[in-house]
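A short write-up of the structure that comes next.
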Amino acid sequence: MSKNIAARAAAAAGSLALAATGVLVGAGTASAGSNGQQIAYTDHATPGYRHSIELYGYNNNGEESLGCFNIDSGGTTRISGWWWRGDLTVKAYNSYNCQNSYSWGTHVSVPYSQSGDWTYVTGY
């Protein structure tokens, strides 16, 4: 009976490790600009005026994604770890955490591949 329990525990642990590996591999990141790009947002509004941006589009896996990011007001903010491709909607907010209505927006065409990892977006 104890051998049966030990065998089941070992099989469960192996399945769990395999599932965890699949999740890590499946999530993945783009490499060297080959499957989507990260966004570098430069804010050209009056410094201290805008505080966050919302990005909505498709990630490097072709899945719809939405993210809100607090930014360096009047400067450039690199949104690392989020990979985008295709049509991307960018909305800038005068508040932190994308609260209330946005004050400026645009659409950006993010290339699927390019020589670098960053697509630059300028907000006004």
Failed criterion for A92 (all others in (1) small (G, A, S); (2) at pLDDT below 95; (3) surrounded by 18 or more Cβ atoms within 10 Å (Cβ to Cβ) hold): (2)
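Can you name every residue in region 61-76 that is among the β-branched types (V, I, T) and surrounded by fewer than 18 Cβ atoms within 10 Å (Cβ to Cβ)?
Let us first name the residues in region 61-76 that are among the β-branched types (V, I, T), namely 71, 76.
Selection gives T76 alone.
Just wondering, is there one or more residues in region 98-120 that are in contact with a His (Cβ under 8 Å, 6 or more places away or on another chain) and either open to solvent by less than 50 Å² (accessible area, probe 1.4 Å) or among the polar types (S, T, N, Q) (or both)? Steps first, please.
Step one: list which residues in region 98-120 are in contact with a His (Cβ under 8 Å, 6 or more places away or on another chain), which gives none.
No, the conditions are met nowhere in region 98-120.
The values are calculated or read from the model by the stated rules, or taken from the named source; none is laboratory data. Treat the numbers as computed from the prediction; the structure is a model and nothing was measured. Neighbour counts are summed over all protein chains in view; Cβ atoms, including those assigned to glycine, are modelled from backbone coordinates with ideal geometry. Heavy atoms of the whole protein, side chains included, go into the accessibility calculation; ligands, DNA and RNA do not. Shrake-Rupley method; radii C 1.70, N 1.55, O 1.52, S 1.80 Å.
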